[in-house]
Amino acid sequence: MAAGAPPARRQAAVLVAAAALAGGLLAVTAGEGWRMATLFVLGILLGLTLYLTAFGFSSAYRNLLVRGETAAVRAQLLMLATATLMFAPVLSSGSFFGRDVVGALAPVGLQVAMGAFMFGVGMQLAGGCGSGTLYTAGGGNPRMLIVLAAFCAGSFWASLHMDWWQRLPAWGELALGDLIGWPAAVTLQLAIFAGLWKLLAKVPRRGSVAVPGSAAAQARPWLLGAALLAVLNFLVLVIAGHPWSITWAFALWGAKAAIVLGWDPATAPFWDGGFQRQALQGSVMHDVTSVMDIGIMLGALAAAGWSGRFALRLNMPLRSLAAAVIGGVAMGYGARIAYGCNIGAFFSGVASTSLHGWLWIAAALAGCWVGIRLRPRFGMEN
């Protein structure tokens with residue numbers, strides 16, 4: 001083990017704790033039926049994949065915009081292409097072995113664009129996206145636990161304003177599969193991915209010159225992660241009936257915390273809907289997204305212990321903590337009004353051929369550009 005690494009016994013204890021927690025929660029979710037238990041296991045596998053392959057979004061966009069490094073973003077293109085091919089036959093039929101399935105669809109409009117822009121700014125200040133917050137927090141990063149708490153607060157805050165945001169101009173749910181047919185939609189998306197891959201290959205590197213061969217070696221885990229995440233998202237689609245999402249749970253957790261502090265759900269139209277009201281009244285272990293998010297964190301915790309990398313770093317500069325709170329709130333607010341984050345809106349949305357997913361990433365990249373320029377003000381390097 002490298003010098004300064006935590007003792008092996010501590011890492012083993014972390015792994016045992018993660019396994020014990022996972023076993024206990026698996027027994028709880030099994031009481032909800034085999035689907036919930038399976039989705040919990042898929043959450044664990046997603047956490048393991050994200051942590052062990054270091055598959056990120058915020059750092060990928062920052063490295064692209066600052067240094068011209070494209071490997072991580074090209075891995076995302078592979079992930080999207082694979083998921084598109086896997087999703088299409090199921091979504092075009094509308095069912096899988098008799099179970100209804102729907103894609104990740106949302107209205108295309110100003111609400112999504114503005115929310116995604118906020119999210120892009122927030123992910124650069126926070127140092128993580130929706131999935132990144134979960135797996136780095138689960139892997140033992142205390143700063144990301146602060147981001148997660150702020151994320152939940154921002155999501156809840158936005159839910160109180162949803163009625164206003166939904167009055168902004170929008171053009172409804174537009175999916176290429178419905179507009180031009182699934183064969184043409186898949187062909188078009190694959191052509192776009194291929195074109196972007198070639199375009200990224202021409203982006204000049206800036207800054208220090210990479211050691212020959214190191215870029216390819218570094219890209220291998222990301223490519224593996226891309227393939228695994230696409231397969232796991234497909235399994236979520238056919239088991240849950242909808243693709244992988246993350247941030248609904250944060251709004252729910254924030255609302256439950258607000259109730260403890262005296263908030264009345266009857267005062268907010270968003271929480272008066274049947275699904276939302278039922279989620280508030282029930283346990284988080286009855287909520288698919290919550291169960292999967294918890295699974296992601298436990299998977300990352302197990303991965304950190306297994307790889308010997310679990311280490312609590314409690315020395316956090318005040319400016320970095322301020323960025324964590326601001327970034328978390330911005331991501332939470334943005335994700336709620338944009339109908340999702342880099343997973344629910346971008347990954348699952350684009351894989352479902354939804355145009356709101358393409359709008360999301362365009363606006364989020366603009367937000368990242370702003371967030372990158374704000375990071376030095378908080379003592380954060382780019």
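Taking residues in region 64-87 that are under 23 Å from V370 (Cα atoms), and partners anywhere that are of a type in the set (K, R), the pairs with Cβ atoms closer than 6 Å and at least 6 places apart or on different chains are R67/R206; G68/R205; G68/R206.
Taking region 252-287 as the range and being without any contact (Cβ under 8 Å) to a residue 40 or more places away in the chain, closer than 14 Å to W157 by Cβ and either small (G, A, S) or assigned to a helix (DSSP H, G or I) (or both) as the test, the residues that pass are L252, T267.
Among the conditions (1) farther than 16 Å from W244 by Cβ; (2) assigned to a loop (DSSP other than H, G, I, E, B), F55 misses just one, which is (1).
Given the structure, is I361 under 14 Å from the mean Cα position of the chain (by Cα) and either touching a residue at least 40 places away in the same chain (Cβ under 8 Å) or not in a loop (DSSP other than H, G, I, E, B) (or both)? Spell out the reasoning first.
Working: under 14 Å from the mean Cα position of the chain (by Cα): yes; either touching a residue at least 40 places away in the same chain (Cβ under 8 Å) or not in a loop (DSSP other than H, G, I, E, B) (or both): yes.
So I361 passes the test.
Quick one: which residue in S320, S348 is part of a helix (DSSP H, G or I) and closer than 20 Å to W171 by Cα? Steps first, answer last, please.
Numbers: S320 fails: closer than 20 Å to W171 by Cα.
Checking each option against the conditions leaves just S348.
Residues in region 13-57 that are closer than 23 Å to N342 by Cβ and among the charged types (D, E, K, R): how many? Spell out the reasoning first.
Taking region 13-57 first, the residues closer than 23 Å to N342 by Cβ are 39-57.
Those still in the list that are among the charged types (D, E, K, R) too: none.
The total comes to 0.
Among residues of region 147-195 being of a type in the set (S, T, N, Q) and in a helix (DSSP H, G or I), the one that is surrounded by the most Cβ atoms within 10 Å (Cβ to Cβ) is S155.
Residues that are part of a helix (DSSP H, G or I) and touching a helix residue (DSSP H, G or I) at 6+ places or on another chain (Cβ under 6 Å) within region 133-146 comprise T133, L134, Y135, T136, A137, G138, R143, M144, L145, I146, listed in sequence order.
No lab work stands behind these numbers, since they all come straight from the coordinates. Small disclaimer: the values here were computed from a predicted structure and weren't measured. A quick note on method: Cβ atoms are made from the backbone with ideal geometry, for glycine too, and the neighbour counts reach across all protein chains shown.
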